[in-house]
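**Q** If you scroll down you'll find the structure; I have some questions about it.
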Amino acid sequence: MTRLLMRLLGRMPIGWLQLVSNKLRFASAVAGVSFACILVFVQLGMMGAFSEATRVSYSALNADIMISSSDANSLTEGSHVARRRMYQALAVAGVVEAQPLFIGRVTWLQEDGSKIEFTTIGIDPSRPSFIGPAIGDINSLKLANNVLLDSRARGMKPDMLSEATREHPLWIEAHGQQIAIVGTVSLGGGFSGDGYMVVSDQTFMRLFPSRFSGAPNHILLKVAPGENPRLVAERIRKELSTTSLKVRSFSDAIEEDIKYQTTRRPTGLIFGFGVAIGTIVGFVIVYQILSTDVADHLREYATFKAMGYSQRFFQSIVMEQAVILAVTGFIPALVFALGIYQVMAKATSLPIEMSPGRAILVLVGTIGSCALSGIFAMRKLATADPADLF
Amino acid sequence: MKESAPTDPIVVKGLNHWFGTGQTRIQSLFDIHLHIARGKLTVLMGPSGSGKTTLLTLMGCLRNVETGSVQLLGHQLRGASNDTLTVLRRRLGFIFQAHNLHSSLTALQNVRMGLEVHGARDHSEYDRASAHILSQLGLGERLNYLPQKLSGGQKQRVAVARALVGNPEIVFADEPTAALDRESGLKTVLMLKRLGELRGTTTVMVTHDNKILELADRILRLEDGRIVSDE
């Protein structure tokens, strides 16, 4: 390792030699950095799950523009929209198709007494162009009380839905109705429900008798090929001329929802703070390690300074140590985090996955905070005369 | 005071130095004037607290010159930038009383540091040169020993090797023989003296060791921050 580093650095790897000369301290330093990395990974995992779970909910749909109530911060929240707005929007140049979207919540009380809450999506099955790739064939929903149920829903027993087909539906009771599970979707749990149920708009009205077909939650629109959804949305805004509605491109609606979930909802904020605290903890740990190491070697550094080594040389030693600590701390943290993610995903049915981007982000962040704390630790050496340090 | 030659590597004029600030400020050097000739072994003697080490560290760019003038190898140290001081230090060799070896580096690696300061070169060439000088100082069998595995005298010899391996123009030595036995001490000083004769290396040495005096070309005695004799 020493020879390899010597080749890489073009000089004696003093930082590495200093670190390994006290193996116990090095091991505890690596453990400290790993701990901070794991903390950040877990918080980022939860933050990522917020974003991913939100994105997944939209993957059930396929639209170019979404009209929502002005207080609808997410797919499941907000007031209803008058269906006549759909007809007004259809009259705008560039809009070719429209579809009301109904969202509700169905609780399924299972035989063992446990409950599963389904975010229920009600949509017209005769317009399959509005169905997202995550749903597939919805012809079977044309029959009343037929539903597609989320096989990855939190609390769902494994293989319970494996035999539910159109020919052999699985009958259950939910919301006071007998419903037939004729197929499955695979979306998984979110923060607003344990899973998803997809039904026709007609079945939706049976499940929610208090809802009115003239007041969907959102209106989905398709634009003509070649039209820019944002420009068409702008035209619709002008046409509707009201502040009680939000007219956004579908992709903008998704991004706004994610932003709302991660930056304005209390749970999102808590995980955001968790990331910040993990970073601060990591910074403090590495600063302590590096500043102690610099203090322990101050006399030796002063000797090097007296020999003609520049401040850049000392910074490179601390940077070398920072990178070594960051990398050696990061690798076990990544392995632990992968295990933790698996456990968390299984326990919560949330889409908690390690993306290469997140791993690189944490590695770069770890190296950055290690380097910054190293530079702080070197301040005394930069200003002092060598003779004052002996 | 001796006459100065145009090539004198060290020229000190009107040098004063203080430690501390405010009411605790104490003057340690008073109006020092000094010329040190090239290739000579100059010894600074005097009781503890007389200012020997302070003068040595001021001449060796280890401390800021506050008043007066110190010309080192043609460069004025007073007001010199950090970059100038750093480059000048590479032309010097220091032997410290406490040897100040790096505890995580072997004897060979410590000596190599005296070469690496001049820039990246062939690593094996550095190792060969470092091993050669350590062998000359009787440490050929201890190349890969860490400082904690070496005796005080061996550590001091490693420090001497580190100071000399880069062929410095001036060697500043603070009690270099304090940790050495008589024979090793004399051998070290003779080596410095020979370097002066062969390469023109100037040596300025602080010592209490009377054995060395007969080898010195010049002896300066300091008392209470003043040069009281120049032989």
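The values are calculated or read from the model by the stated rules, or taken from the named source; none is laboratory data. Quantities reported herein were computed from a predicted structural model and do not represent experimental measurements. Ideal geometry is used to build each Cβ from the backbone, glycine not excepted, and the neighbour counts take in all protein chains shown.
**Q** Quick check: anything in the stretch B:51-62 assigned to a loop (DSSP other than H, G, I, E, B) and either charged (D, E, K, R) or surrounded by fewer than 19 Cβ atoms within 10 Å (Cβ to Cβ) (or both)?
**A** no
**Q** Among the residues of the stretch B:177-187, count how many are in contact (Cβ under 8 Å) with a residue 60 or more places away in the chain and touching a Gly at 6+ places or on another chain (Cβ under 8 Å).
**A** Residues that pass the stated criteria total 1.
**Q** Please state which of the following conditions B:R162 fails to meet, knowing it meets all the rest: (1) more than 30 Å from B:F30 (Cβ to Cβ); (2) among the charged types (D, E, K, R); (3) surrounded by fewer than 22 Cβ atoms within 10 Å (Cβ to Cβ).
**A** (3)
**Q** Could you tell me whether any residue of the stretch B:106-125 is of a type in the set (S, T, Y), in contact (Cβ under 8 Å) with a residue 40 or more places away in the chain and either crowded, with 22+ Cβ neighbours inside 10 Å or not in a strand (DSSP E or B) (or both)?
**A** yes
**Q** Take residues that are β-branched (V, I, T), in contact (Cβ under 8 Å) with a residue 12 or more places away in the chain and within 27 Å of A:M66 (Cα to Cα) and tell me which of the strands (runs of 3 or more DSSP E) falling wholly in the stretch A:105-196 contain 3 or more.
**A** Ranges flagged: A:115-123.
**Q** Out of all the residues in the stretch A:304-312, is one or more out of contact with any strand residue (DSSP E or B) (no Cβ under 7 Å at 6 or more places or on another chain), hydrophobic (A, V, I, L, M, F, W, C) and under 24 Å from A:L24 (Cα atoms)?
**A** No, that holds for no residue.
**Q** Now a separate question. Suppose we filter B:L15, B:L73, B:L41, B:L77 for residues that are under 17 Å from the mean Cα position of the chain (by Cα), away from every other protein chain (no Cβ under 14 Å) and either closer than 13 Å to B:R226 by Cβ or of a type in the set (A, V, I, L, M) (or both); which single one remains?
**A** B:L41
**Q** Please go through (1) part of a helix (DSSP H, G or I); (2) touching a residue at least 60 places away in the same chain (Cβ under 8 Å); (3) more than 9 Å from chain A (Cβ to nearest Cβ) for B:R162 and return the number of the only condition it doesn't satisfy.
**A** Among (1) part of a helix (DSSP H, G or I); (2) touching a residue at least 60 places away in the same chain (Cβ under 8 Å); (3) more than 9 Å from chain A (Cβ to nearest Cβ), B:R162 violates only (3).
**Q** If you don't mind, there's one more thing I want to ask. Among the residues of the stretch B:82-100, count how many are at pLDDT 90 or above, more than 7 Å from every other protein chain (Cβ to nearest Cβ) and part of a loop (DSSP other than H, G, I, E, B).
**A** The number of residues fulfilling the criteria is 1.
Here is a yes/no grid of residues against (1) within 14 Å of chain B (Cβ to nearest Cβ); (2) of a type in the set (F, W, Y):
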position: A:R7; (1), (2): yes, no
position: A:G15; (1), (2): yes, no
position: A:R25; (1), (2): yes, no
position: A:A31; (1), (2): no, no
position: A:A36; (1), (2): no, no
position: A:Y58; (1), (2): no, yes
position: A:N62; (1), (2): no, no
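**Q** Among the residues of the stretch B:135-143, is any more than 9 Å from chain A (Cβ to nearest Cβ) and under 23 Å from A:A302 (Cβ atoms)?
**A** no
**Q** Is it the case that some residue within the stretch A:47-61 is closer than 17 Å to A:S249 by Cβ, in a strand (DSSP E or B) and either of a type in the set (A, V, I, L, M) or in contact with a Gly (Cβ under 6 Å, 6 or more places away or on another chain) (or both)?
**A** Within the stretch A:47-61 (the criterion being closer than 17 Å to A:S249 by Cβ, in a strand (DSSP E or B) and either of a type in the set (A, V, I, L, M) or in contact with a Gly (Cβ under 6 Å, 6 or more places away or on another chain) (or both)), the answer is yes, since at least one residue qualifies.
**Q** Going by the conditions given, is A:A72 in contact with a Gly (Cβ under 6 Å, 6 or more places away or on another chain) and assigned to a helix (DSSP H, G or I)?
**A** no
**Q** Can you tell me which of (1) more than 14 Å from chain B (Cβ to nearest Cβ); (2) farther than 20 Å from A:L24 by Cα; (3) touching a residue at least 12 places away in the same chain (Cβ under 8 Å) is the one A:E255 doesn't meet?
**A** Here A:E255 clears every test but (3).
**Q** Still on this structure: Please go through the stretch B:101-120 and pick out each residue that is at the interface with chain A (Cβ under 8 Å from one of its Cβ atoms) and more than 17 Å from the chain's Cα centre (by Cα).
**A** Residues satisfying the conditions are B:H102, B:S103, B:S104, B:L105, B:Q109, B:R112, B:E116, B:A120.
**Q** Given the condition modelled with pLDDT under 85, more than 14 Å from chain B (Cβ to nearest Cβ) and touching a Ser or Thr at 6+ places or on another chain (Cβ under 6 Å), answer yes or no: does some residue in the stretch A:370-387 qualify?
**A** yes
**Q** Out of the residues in the stretch B:194-231 meeting the condition of being among the polar types (S, T, N, Q) and farther than 19 Å from B:R38 by Cα, tell me which one is surrounded by the fewest Cβ atoms within 10 Å (Cβ to Cβ).
**A** Here the residue is B:N210.
**Q** Moving to a separate point now. Determine whether A:R11 is of a type outside the set (V, I, T) and not in a helix (DSSP H, G or I).
**A** yes
**Q** Please specify each residue of the stretch A:290-313 satisfying the condition of being within 7 Å of chain B (Cβ to nearest Cβ) and either of a type in the set (G, A, S) or not in a helix (DSSP H, G or I) (or both).
**A** A:A306, A:G308, A:Y309, A:S310
**Q** Scan B:T106, B:T177, B:T84 and give me the residue that is under 30 Å from B:E66 (Cβ atoms) and touching a Leu at 6+ places or on another chain (Cβ under 9 Å).
**A** Just a single option satisfies the conditions, and that option is B:T84.
**Q** How many of the residues in the stretch B:20-50 are in contact (Cβ under 8 Å) with a residue 24 or more places away in the chain and not in a loop (DSSP other than H, G, I, E, B)?
**A** 15
**Q** Can you name the residue in the stretch A:102-120 that is touching a helix residue (DSSP H, G or I) at 6+ places or on another chain (Cβ under 8 Å) and closer than 21 Å to A:A63 by Cβ and is also surrounded by the fewest Cβ atoms within 10 Å (Cβ to Cβ) among such residues?
**A** A:G104
**Q** When the stretch A:266-305 is examined, which residues are found to be without any contact (Cβ under 8 Å) to a residue 24 or more places away in the chain and crowded, with 17+ Cβ neighbours inside 10 Å?
**A** Within the stretch A:266-305, A:E300, A:F304 meet the criteria.
**Q** If you take the residues of the stretch A:197-225 that are part of a strand (DSSP E or B) and under 17 Å from A:I67 (Cβ atoms), which of them is farthest from the chain's Cα centre (by Cα)?
**A** A:V223
**Q** Go through the stretch A:345-365 and give me each residue that's touching a helix residue (DSSP H, G or I) at 6+ places or on another chain (Cβ under 9 Å) and surrounded by 16 or more Cβ atoms within 10 Å (Cβ to Cβ).
**A** Listed by number, the residues that qualify are A:A345, A:T348, A:L350, A:P351, A:I352, A:M354, A:R358, A:A359, A:V362, A:L363, A:G365.
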